[in-house]
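The values are calculated or read from the model by the stated rules, or taken from the named source; none is laboratory data. The structure presented is a predicted model; accordingly, all values stated were derived computationally and were not measured. Because the Cβ atoms are built from the backbone with ideal geometry, glycine has one as well, and the counts that use them run over all protein chains shown. Only protein heavy atoms, including side chains, enter the accessible area calculation; ligands, DNA and RNA are left aside. Shrake-Rupley method; radii C 1.70, N 1.55, O 1.52, S 1.80 Å.
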Amino acid sequence: MGEIEREGVLSREKVEEEEEAEASVEIWKYIFGFVEMAVVKCAIELGIAEAIEKHGRAMTVSEISSALGCDPALLKRIMRFLAHRKIFKAVTMGGSNGYTQTPLSRRLMKEGQQSMAALLLLESTPIMLAPWHSLSARVMANGRPSFQNTHGEDVWRYAAANLDHSNLINEAMACDAKLVMPVIIENCNEEFRGLKSVVDVGGGNGTAMRILHQALPSIRAINFDLPHVIAQAPHSDGLEHVAGDMFQSVPKADAAFLMWVLHDWSDEECIEILKKCREGISKENGKVMIVEAVIEEGEGGKVKALEDVGLMLDMVMMAHTNFGKERTLKEWEYVIKMAGFSSYTVKPIPAVQSVILAYY
């Protein structure tokens with residue numbers, strides 16, 4: 001064996017050793033992957049972030065325990081875990097350990113512009129966790145949809161029959177809308193210019209259109225969803241709620257807006273929904289604004305962490321919907337063109353989603 005060949009063998013062995021060492025650590029992340037969600041859910045339910053925020057400064061475990069009625073010894077372990085993941089920040093307070101808020105912990109507060117608590121509480125309910133246990137059966141050639149297999153009906157029929165769960169879904173979507181809509185308005189100001197009316201198709205409790213109308217009051221904002229959803233939607237000045245079924249018809253407007261809607265459905269169902277949207281918009285300057293993740297097929301594009309969220313969402317669609325999925329740009333192009341739109345553009349924004357504009 002020559003010197004170069006020997007060096008190559010040693011190099012490969014070193015790489016294999018490093019990979020084995022990494023795997024011996026990484027595997028634990030998957031064995032106990034549920035722990036992070038469970039402990040964060042615990043923190044939300046206890047109201048730890050709210051207690052520290054109300055206090056106005058760092059708090060010791062003893063102070064947090066007194067405020068929330070917790071067992072100090074157990075809470076100390078919870079806080080150690082959360083601080084290790086930089087959810088709360090550990091500080092020293094006169095010889096005692098204390099904890100203060102971080103941008104991440106503030107997202108665990110149930111109220112507030114940046115709260116994501118409702119989305120985590122939704123995804124961690126037994127209702128939404130149960131379908132994951134039959135994911136392998138779903139992937140088989142003749143597998144049934146996981147949610148339907150677990151609960152006897154699809155997620156939308158289940159929500160219609162269980163209003164508490166329906167409201168939790170709409171609260172979860174609303175907390176994301178609070179974060180994303182200002183970003184969309186800031187980055188797509190030109191796209192909204194000249195529009196007199198926008199209808200949010202599948203808009204839940206109307207949060208997205210409420211934010212749009214507050215930012216651009218000249219636009220008539222219409223929130224469109226199923227009757228049982230609209231019946232629970234709160235009144236908001238300048239916002240019009242309309243009940244109906246997007247598979248039947250969509251209210252007429254200059255533009256239709258769909259955020260986190262089409263990923264719930266198969267290509268054929270997406271095409272049907274988009275056709276109804278196309279029927280409702282102006283032939284002259286009508287557009288459909290699709291706010292969804294775009295899965296990258298090559299290098300580049302979104303920040304890697306956001307790309308990873310898109311891939312995780314694709315698994316969520318597999319577990320929670322019948323035939324929904326996150327789509328690549330080619331897959332988006334297919335459903336848009338099959339629905340009859342003449343052209344489309346994609347506008348990346350600093351979020352998990354991109355804004356896809358389909359023109360009449």
ask   = Would the stretch 160-171 turn up any residue that is touching a helix residue (DSSP H, G or I) at 6+ places or on another chain (Cβ under 9 Å), of a type in the set (D, E, K, R) and part of a helix (DSSP H, G or I)?
value = yes
key: Condition broken by TYR344, with the remaining ones in (1) out of contact with any Leu (no Cβ under 7 Å at 6 or more places or on another chain); (2) modelled with pLDDT of 95 or more; (3) open to solvent by 20 Å² or more (accessible area, probe 1.4 Å) satisfied   = (1)
remark   = Taking the stretch 308-341 and keeping residues over 21 Å from ILE169 (Cα atoms), open to solvent by 20 Å² or more (accessible area, probe 1.4 Å) and among the basic types (Lys, Arg) leaves LYS330, LYS337
ask   = How many of the residues making up the stretch 278-329 are closer than 22 Å to ARG144 by Cβ, among the acidic types (Asp, Glu) and not in a loop (DSSP other than H, G, I, E, B)?
value = 1
request  = Name the residue, out of ILE273, ILE211, ILE219, ILE230, that is among the β-branched types (Val, Ile, Thr) and over 24 Å from the mean Cα position of the chain (by Cα).
outcome  = ILE219
Hey, THR100 among the hydroxyl-bearing types (Ser, Thr, Tyr), open to solvent by 20 Å² or more (accessible area, probe 1.4 Å), farther than 30 Å from GLY204 by Cβ and without any contact (Cβ under 8 Å) to a residue 40 or more places away in the chain or not = no
query = Out of all the residues in the stretch 109-159, which are within 16 Å of PHE323 (Cβ to Cβ), out of contact with any Ser or Thr (no Cβ under 9 Å at 6 or more places or on another chain), part of a loop (DSSP other than H, G, I, E, B) and at pLDDT 95 or above?
reply = MET140, GLU153
message = Regarding the stretch 53-65, can at least one residue be identified that is open to solvent by less than 20 Å² (accessible area, probe 1.4 Å) and under 23 Å from the mean Cα position of the chain (by Cα)?
response = no
message = I want to confirm something. Restricting to the stretch 192-208 and keeping residues that are open to solvent by 30 Å² or more (accessible area, probe 1.4 Å) and over 23 Å from the mean Cα position of the chain (by Cα), which single residue is nearest to LEU168 (Cα to Cα)?
response = LYS196
key: Filter result (among the small types (Gly, Ala, Ser) and either farther than 23 Å from ILE349 by Cα or open to solvent by 10 Å² or more (accessible area, probe 1.4 Å) (or both)) within the stretch 235-294   = SER236, GLY238, ALA243, GLY244, SER249, ALA253, SER266, GLY280, SER282
